[in-house]
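Below: the structure, in structure tokens.
The values are calculated or read from the model by the stated rules, or taken from the named source; none is laboratory data. Just so it is clear, the model here is predicted, and its values are computed rather than measured. Heads up, the Cβs are rebuilt from the backbone with ideal geometry, glycines too, and the neighbour counts pull from every protein chain shown. Remember, those area values only see protein heavy atoms, side chains included, never the ligands or the DNA or RNA. Shrake-Rupley method; radii C 1.70, N 1.55, O 1.52, S 1.80 Å.
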Amino acid sequence: MSGDIAVSVVVPTRDRTTRLLLTLTALGRQTLDRDRFEILLVDDAPHPGAVAQVLPALPPGPRIRTAATGGRGAAHARNTGARPARGELLLFLDDDTVAGPGLLEAHLAAHENADSAVVHGAITDLSAFVLTPEPDPLRPALIGARGRRIEPATLAGLDAAVPLLGPRRSFIERTARKVIGSPGHAALRWLSCIGTGTSVRRTLFERVGGFDEHYGDLWGGEDLELGLRLAASGAEFHLLDTVSYHLPTARRDTGDLLPRFWRRVADRHGDPRLADVGTYLTGGLSLDELAERLGPPAGVPTVGTAAS
């Protein structure tokens, strides 16, 4: 890829402190030269303040440009970050995801001579922190179950520390592996367009209109809905073996929000079958049952790429 900046990393954030500190610190440890990437940090908090705590605590690192959106939702925040991006490649990363050091180089390599690729890097949840609330004010370490902790100094030897931090693969990550790895699920490969750790060329992103802001701050799958439209445009979906780590926070409203979101998607797309995605994501259907019920939505190709 040509130009000074090759990758623009878009990080939407909302009321994150220590998790955001770890996310941004890990980006500063990338093997890709710092002059070749930028970070677009978009504060979507209705009442800003967390980002102002985090930025002064960061070690010297890559360039960070900031914006604020005032609580209009993740889709709007991601689009706001993508709009002024200077890189040809957009990588979307959430504010609770710690990138492995080779992540940006791996994404760049995966997009060489692949204008229509959508690439997702493996994400491992660190479940020791699932019940850890976001510290306010900022604290230098995140303390999880049984006193387990992660802090910026941990990142240098994170792979060795991970076995003690409750590593596990989330439901949606397992889904991504299944749909990419199975020819029988080729029509569902857009389910690998996960909001964190996924990259796409800016031209392709803009061609499909970016994230759909119609859903506001309703949570439940604006990333997968983007994948649905990317698939309809002819995108090819790939997975990387490079691992990043997610510092999850438990949600009690998932069982309600996911079906609501996908009913809205079904209405907006004029395809009632899409409501079944919410049923699948809440455990009401198997992947085979979803594939049988859904089939290829209008315009979505039935063929795709093999696992990479």
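Angle of helix 254-269 to the longest C-alpha principal axis of the chain, folded into 0 to 90 degrees and rounded to 10: 50°.
With R₀ set to 25 Å, the beta-carbon distance separating R260 from L131 gives a calculated FRET efficiency near 0.50. Taking other residues whose beta carbon is less than 10 angstrom from the beta carbon of H111, and scoring Lys, Arg as +1 and Asp, Glu as -1, yields -2.
Extension gain, R146 to D159: 0.36 nm times the residue separation minus the Cα-Cα distance gives 2.7 nm. The share of C-alpha pairs in the chain whose separation exceeds 31 Å stands at 25 percent. Here region 58-94 and region 221-271 have alpha carbon centers that stand 19 Å from each other.
Considering only alpha-carbon pairs that sit under 8 angstrom and 6 or more positions apart, the relative contact order computed for region 239-293 is 27 percent. The stretch between S286 and F171 holds 40.2 nm of extra length on full extension. This uses 0.36 nm per residue minus the Cα-Cα distance. Calculate what fraction, in whole %, of the accessible area of the chain sits on carbon and sulfur atoms when a 1.4 Å probe is rolled over the protein chains. Carbon and sulfur together cover 51 percent of it. Along the Cα-to-C-beta direction of D115, a point sits 7 Å from the Cα; which residues of region 192-214 have their amide N less than 13 Å from that point? Residues 201-205, 207 fall inside that zone.
Structure remark: mean-square fluctuation, Gaussian network model of the chain, C-alpha springs under 10 Å; the largest value among D253, D44, D159 belongs to D253.
Computed from the Cβ-Cβ distance with R0 of 22 Å, the FRET efficiency linking T249 to R83 stands at 0.20. Each label was represented as a point 7 Å from its Cα along the Cα-to-Cβ direction; for H214 and S233 these points are 1.6 nm apart.
Considering only A26, A160, A68, the mean-square fluctuation computed in a Gaussian network model of the chain, springs between alpha carbons under 10 angstrom, is largest for A160.
With angles folded into 0 to 90 degrees, how steeply does helix 18-27 sit against the dominant principal axis of the chain? Use alpha carbons for both and round to 10. Helix 18-27 and the main axis of the chain meet at about 80 degrees.
By the equivalent-ellipsoid construction on the alpha carbon gyration tensor, region 194-280 comes out with semi-axes of 22, 19, 12 Å, ordered largest to smallest.
Near F261, once Lys and Arg are set to +1 and Asp and Glu to -1 for all other residues with Cβ below 12 Å from its Cβ, the sum equals -4. GNM on the chain, alpha-carbon springs under 10 angstrom: the most fluctuating residue among G220, G87, G70 is G70.
Remark on region 137-270: ratio of C-alpha radius of gyration to 2.2 N^0.38 Å is 1.24.
Just subtract the alpha-carbon distance of D33 and R139 from 0.36 nm times their residue separation and send over the number in nm, one decimal.
Extra length available between D33 and R139 comes to 35.3 nm.
With K and R counted +1 and D and E -1, the other residues having a Cβ less than 11 Å from that of L138 yield a net charge of +1.
Based on alpha-carbon atoms, the Kirkwood radius and the radius of gyration of region 29-120 give Rg/Rh equal to 0.97. Rolling a 1.4 angstrom probe over the protein heavy atoms with all chains in place gives the chain an accessible area of 42 Å² per residue.
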